[in-house]
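A short worksheet on the structure shown next.
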Amino acid sequence: MRLSKFFSLLLILLLFCSLSVLAQITTGSITGIVKDSKGVELAGATVEAIHVPSGSVYRSLSTKNGRFNLPGLRVGGPYTVTITFVGLKKEEYKEIYVQLGEATKIDVVLVEEGKSLQEIVVTGSGRGRALISKDRKGTSTNVNRRLLATLPTLSRNLTDFTKLTPQSNGTSFAGQDNRLINLTLDGSIFNNSFGLQPLNGSQTNSTPISLDAIEEIQINLSPYNLRDAGFTGASINAVTRSGTNTFHGIAFYNERNQNLVGTNAGLGGKTPITIANFRVQQYGASFGGPIIKNKLFFFANFEAEKRVDPADIFKADNGTNTGQPNVTRVKKADLDALRDFLVNKLNYDPGVYDGYSFITKSYKTLFRLDWNINSKNKFNLRFNSLRGFRDVPISTSGTVSGSRRDNLFSMNYSNNNYEQNTDIYSIIGQLNTRLGNKLSNELTFGWTANRDYRSVKGKLFPGVDIQDGSGASATTYIAFGSEPFTPNNKLFTDTWQLSDNLTMYAGKHTISTGFNFESFRYFNSFTPQIQGYYTFSSLADFYTSANAYLANPNMAQNPVNVRRYILNYSNLQGGVPWNAITRPTNIGAYVQDEVSVTDKLNFTYGIRFDVPFFAKTGFVNSEVDGLSFVDDYGSPTKLSTSQMPSAKLMVSPRFGYNYDAFGDKSTQIRGGFGFFTGRPPFVFISNQIGNNGVQSGNIQTDNTKLYPFSPDVTRNVPSNIVPGTPAVSYNIATTQRNFRFPQVFRTNIAVDQKLFWGIVGTAEFMFTQNISYYHYYNANFKPSTSTFNGPDNRPKFAGSAAAQRINSKITDATVLSSRPWGQNLSATVKIEKPLSKGLSWMVAYNFGRARDYESAATIASSSWTGIRSVNGNNLPDLAFSDNDIRHRIIGNINYRFEVAKTAALQFSLFVQSQNQGRVSYTYQGDMNGDGISGNDLIYIPKDQSEMNFEQFTSNGVTFTVQQQKDAYEAYIQQDASLKNHRGQYAARNGVLLPMLTRMDFSTALDLFRQVGKNRHTLQFRIDIFNVGNMIKHNWGISDIVNTTNPVVFSRVDANNVPVFRMNRINNSINFTTYRKGTLINDVWQAQFGFRYIF
């Protein structure tokens, strides 16, 4: 009740005081000072800016110190700016352009009638962004409409343009989790806040909005304007296009297929590759114009993509293709025999294992209205939607060892995959108001609905992983059945947001203050392994178990041990699927002041407050309340499934500065420091609500005969369920009450220097320290009480997951906490030539180093089991992040020129050279006995005397101890990350993958003709991905890690020393770290398109 009153009060304050902010910046501005010829500042000068395409008028008067401000302007242009003062000559400036989030500065000197005016330099007025501008303080990148239209792109995705930021790695920025971004569209939240993927639509491989609907994109890593919030990685702010007084439109069609792809990759580019038939079609149209000239405008956009891709890149071994590229160890005869058995004996069709395709479809729409109410009030309303569908390969999460997907070691059938659907609907309104010459206001409100849901392929059937039968070193060989995480899987997200920004101009001060409200509701139905999931050690074990079922469907036990059995079951009345409702809310307020200290120096300072909190939607498990657990340091602790994280006050002070060293815009020093608070992926909190032990139960056991195989998915559901009470066995996920949202301290310092011919050089340093970052531990996990003997003397655990449990009926008790762990630094050098005479280019190098303790998945237990460690997953070490990219070089050149006044040619080339990522070396199998396979970082022996191998035979070949020592020695010698750290444990992500250089190219021919006032253009375009591979076949080919498990754990000998075997690639123990890629991304791909523009 008290909380409800609090909300009501906040809303009243919001509506009546117009104080709020979270919406990111969606407009630009024009500012300046008006003086007379004697240098006297003129008060009362009339400043008028007209957006020529739409006739939108913006007016203001200069204040007593001659300053004027025209905020809330449409991005782009051109504008015509007129300045008048009684008794003095009017001045007019044309072809003025406004950039997103930046101020175009015009300092004006008015003279008497009949006298001429000296040349006035307008800062930031061109079509390109202003590289030296008083508004630039932090680390940022602007992508304008011209770059959006020319840069090479096959997917037409936003990430094809965010890569222009030197500190980026996909959607990861400054080494942060790629979900800790804040994508806004016209100031409204538009990223995947639940956190299954960074961007909306990603699950169906769909772009959330058409590129033709975007006017400009701004990427900010360290914005000191406190309006930018909700991220620790980057704020990506996009604004949509608007209608004008002229009807204008675009229609386009793009296509690529297997005939537009290179055919040679691999080592030296000498390996022929076969590309199965595929087809990608993209088409769309945009149309905008006036409804009422100078008053009311519309813009509409539609885009669709249909693609058919080969699903089976890897091929089964048919006896004649053994050892060829992309041929797995899985025998065609085994796959055929197993399929026949399933179809004829168990009445289940697993689908096919080769020769099938994945389908992807998406349909995007956008409609926008812009209303010039009067010169002081501008309103816009936008609706957009996305409908996406995609066939998706099975998840690899939760395997005992190895992968379920097609690779060199395993294959799966087509009905083992699943179908993903995404529907998004969003409506956003914005009102920009001038409240006189010293006040302006921006109000944004809206609602976004995101509906994600899955479907199984074929009929519902237990999931089955079949291993290769090699004992302790066994990995997945064949997988079939229903995908483990798909049944009943749906996520419905609703986002409500209301924000408003009030800005006051007081002489040299621009004061902004605000308040914001954002609320999310997530309905998540997630019932993993509800159909049951079996792992058999071999094909023979599966056939034995299945035949036993056929002989006696009611058998009480399996005739063989099942390597692992997992079942999640409903503990609700009638066995209905369980779900989780999560309702986070954030309320924030800020105040900041931008001060123009002198003509050379300005700075921004302020403070922001955010209070995030959660509705009480958790479920009480009184049994858990009475149990004892341990924290990640082994100390006793209590857990609760119902207590949500308490409300926290998150304080974010910031300070930024910009100094024009010589007052002539030739040398600019900028930087600042501050705190940035983001949103966690809210799936982390939803995990707690959905894993409470009351709604559902969990069975997970290894090496057991207790759960007989049956095609009946309910066969092993306990019969003694009592709805409303804790299940017979279950797992839980909880969150510490003091859990804090992600927050970082970030600082940067940069120097921008004009060189020659308009070229600008930049040197920049940025450092980020995590203040609060997420950390998972298992509170039901017994600490180690002993260690191994020998050179690898790490902690030793009980030997199985069940033996490690403190409370036997709880499989896992995963706890989400926050820690001040991890940091990132980056040093960047960049040279850029802004657009001039049709040419623009830039080249940049970034050195980065990101360190953290872990990377979280979307399932709580997987986040914990996925940690790579030496001392156990409750005690991870600080190491390089999954998002660490050490070296990155990028370059882009764009050139357009017209020919004979009826045609134009344009070219664009993007070059990127960077490390391909990081991986960790771990033992195959469960070396330390914690019940988790593949998570134990290897010990790197000092020499062969520390290698403890045993002889073994595989496929008729015997490998002696000495042969394995020699093979391992050779492997270590050829791998720098191992060779340089002998006698040590391998670090998590200690392997830095080699640099990969790729070039993307686009060219277009425009044929145009003037019809009336409009130019009509027919454009023919080709985009070529990895064009270097077309020039030379050994260029642009990736390095594939052969295995991250070079050594296989076998057993512990009588002296308590672990014994190992060398791993095998194609039944050989002699292999290297990398092989050259032979997939479609390793060769060039071309896309042809045409568009009609008017």
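Summary of values
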{"item": "Some residue of region 1003-1014 being under 30 Å from residue 267 (Cα atoms), of a type in the set (Gly, Ala, Ser) and surrounded by 14 or more Cβ atoms within 10 Å (Cβ to Cβ)", "result": "no"}
{"item": "Condition met for residue 385 (in contact with a Phe, Trp or Tyr (Cβ under 6 Å, 6 or more places away or on another chain), at pLDDT 95 or above and small (Gly, Ala, Ser))", "result": "yes"}
{"item": "Identity of the residue in region 901-954, in a strand (DSSP E or B) and assigned by TED's automatic domain parsing to the domain that holds residue 1045, that ends up surrounded by the most Cβ atoms within 10 Å (Cβ to Cβ)", "result": "949"}
{"item": "Pairs with Cβ under 8 Å, 6+ apart, first in region 149-178 and closer than 17 Å to residue 890 by Cα, second modelled with pLDDT under 95 and of a type in the set (Asp, Glu)", "result": "151/160; 152/160; 153/160"}
{"item": "Every pair of residues 6+ apart whose Cβ atoms lie under 7 Å, when the first sits in region 789-810 and is acidic (Asp, Glu) while the second is surrounded by 17 or more Cβ atoms within 10 Å (Cβ to Cβ)", "result": "792/939; 792/1058"}
{"item": "Residue that is nearest to residue 1001 (Cα to Cα), among those in region 154-166 that are at pLDDT below 95 and either touching a helix residue (DSSP H, G or I) at 6+ places or on another chain (Cβ under 7 Å) or not charged (D, E, K, R) (or both)", "result": "154"}
{"item": "Qualifying residues in region 499-515 (those that are surrounded by fewer than 20 Cβ atoms within 10 Å (Cβ to Cβ) and either free of Cβ contacts under 8 Å to residues at least 12 places away in the same chain or among the aliphatic types (A, V, I, L, M) (or both)) - the one nearest to residue 226 (Cα to Cα)", "result": "511"}
{"item": "Qualifying residue in region 329-340 (condition: modelled with pLDDT of 95 or more, under 30 Å from residue 186 (Cα atoms) and hydrophobic (A, V, I, L, M, F, W, C))", "result": "no"}
{"item": "Residue list for region 455-467, restricted to those being in a strand (DSSP E or B) and surrounded by fewer than 20 Cβ atoms within 10 Å (Cβ to Cβ)", "result": "455"}
{"item": "Extreme residue, nearest to residue 627 (Cα to Cα), among residues of region 718-771 that are basic (Lys, Arg) and in a loop (DSSP other than H, G, I, E, B)", "result": "737"}
{"item": "Identity of the residue in region 886-918, out of contact with any Leu (no Cβ under 9 Å at 6 or more places or on another chain) and of a type in the set (Val, Ile, Thr), that ends up nearest to residue 817 (Cα to Cα)", "result": "889"}
{"item": "Criterion (in contact with a Pro (Cβ under 8 Å, 6 or more places away or on another chain) and modelled with pLDDT of 95 or more) met by exactly one of 697, 674", "result": "674"}
{"item": "Exclusive hit being closer than 28 Å to residue 978 by Cα and surrounded by 16 or more Cβ atoms within 10 Å (Cβ to Cβ), set 1063, 1055, 1029", "result": "1063"}
{"item": "Top-ranked residue in region 587-598 [being surrounded by 22 or more Cβ atoms within 10 Å (Cβ to Cβ) and within 19 Å of residue 230 (Cβ to Cβ); ranked as farthest from the chain's Cα centre (by Cα)]", "result": "592"}
{"item": "Tally of residues being more than 30 Å from residue 330 (Cα to Cα) and either touching a residue at least 24 places away in the same chain (Cβ under 8 Å) or part of a strand (DSSP E or B) (or both) across region 955-991", "result": "11"}
{"item": "Condition broken by residue 735, with the remaining ones in (1) at pLDDT 95 or above; (2) among the polar types (S, T, N, Q); (3) more than 27 Å from the chain's Cα centre (by Cα) satisfied", "result": "(3)"}
{"item": "Sole residue being among the β-branched types (Val, Ile, Thr), assigned to a strand (DSSP E or B) and surrounded by 24 or more Cβ atoms within 10 Å (Cβ to Cβ), chosen from 444, 486", "result": "444"}
{"item": "Verdict on residue 209 being in contact with a helix residue (DSSP H, G or I) (Cβ under 8 Å, 6 or more places away or on another chain) and either assigned to a loop (DSSP other than H, G, I, E, B) or touching a residue at least 40 places away in the same chain (Cβ under 8 Å) (or both)", "result": "no"}
{"item": "Residue count for region 229-243, restricted to those that are under 19 Å from residue 772 (Cβ atoms) and either in contact with a helix residue (DSSP H, G or I) (Cβ under 6 Å, 6 or more places away or on another chain) or outside any strand (DSSP E or B) (or both)", "result": "5"}
{"item": "Residue satisfying all of: in region 245-268; in contact with a Lys or Arg (Cβ under 9 Å, 6 or more places away or on another chain) and of a type in the set (A, V, I, L, M); surrounded by the fewest Cβ atoms within 10 Å (Cβ to Cβ) among these", "result": "267"}
{"item": "Residue ranges of strands (runs of 3 or more DSSP E) in region 538-646 with at least 2 members of a type in the set (Ser, Thr, Tyr)", "result": "562-570, 584-596, 601-614"}
{"item": "Yes/no for residue 896 being within 30 Å of residue 794 (Cα to Cα) and out of contact with any Ser or Thr (no Cβ under 6 Å at 6 or more places or on another chain)", "result": "no"}
{"item": "Number of positions in region 599-640 that are β-branched (Val, Ile, Thr), surrounded by 17 or more Cβ atoms within 10 Å (Cβ to Cβ) and under 29 Å from the mean Cα position of the chain (by Cα)", "result": "1"}
{"item": "Single residue of region 772-816 satisfying the filter (assigned to a strand (DSSP E or B) and small (Gly, Ala, Ser)) that is nearest to residue 949 (Cα to Cα)", "result": "786"}
{"item": "Verdict on residue 788 being at pLDDT 95 or above and under 28 Å from the mean Cα position of the chain (by Cα)", "result": "no"}
{"item": "Within region 1013-1094, strands (runs of 3 or more DSSP E) holding 1 or more residues that are more than 25 Å from residue 303 (Cα to Cα)", "result": "1039-1041, 1047-1052, 1058-1062, 1074-1076"}
{"item": "Whichever residue in region 936-967 is among the polar types (S, T, N, Q) and in contact with a strand residue (DSSP E or B) (Cβ under 6 Å, 6 or more places away or on another chain) and, among such residues, is farthest from residue 805 (Cα to Cα)", "result": "964"}
{"item": "Flag if residue 882 is within 30 Å of residue 790 (Cα to Cα), of a type in the set (D, E, K, R) and not in a strand (DSSP E or B)", "result": "no"}
{"item": "Odd one out for residue 394, checked against (1) part of a loop (DSSP other than H, G, I, E, B); (2) surrounded by fewer than 19 Cβ atoms within 10 Å (Cβ to Cβ); (3) within 28 Å of the chain's Cα centre (by Cα)", "result": "(2)"}
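The values are calculated or read from the model by the stated rules, or taken from the named source; none is laboratory data. Everything numeric in this text was worked out from a predicted model, so none of it was measured. Here Cβ is always computed from backbone atoms with ideal geometry, including for glycine, and neighbour counts include all displayed protein chains.
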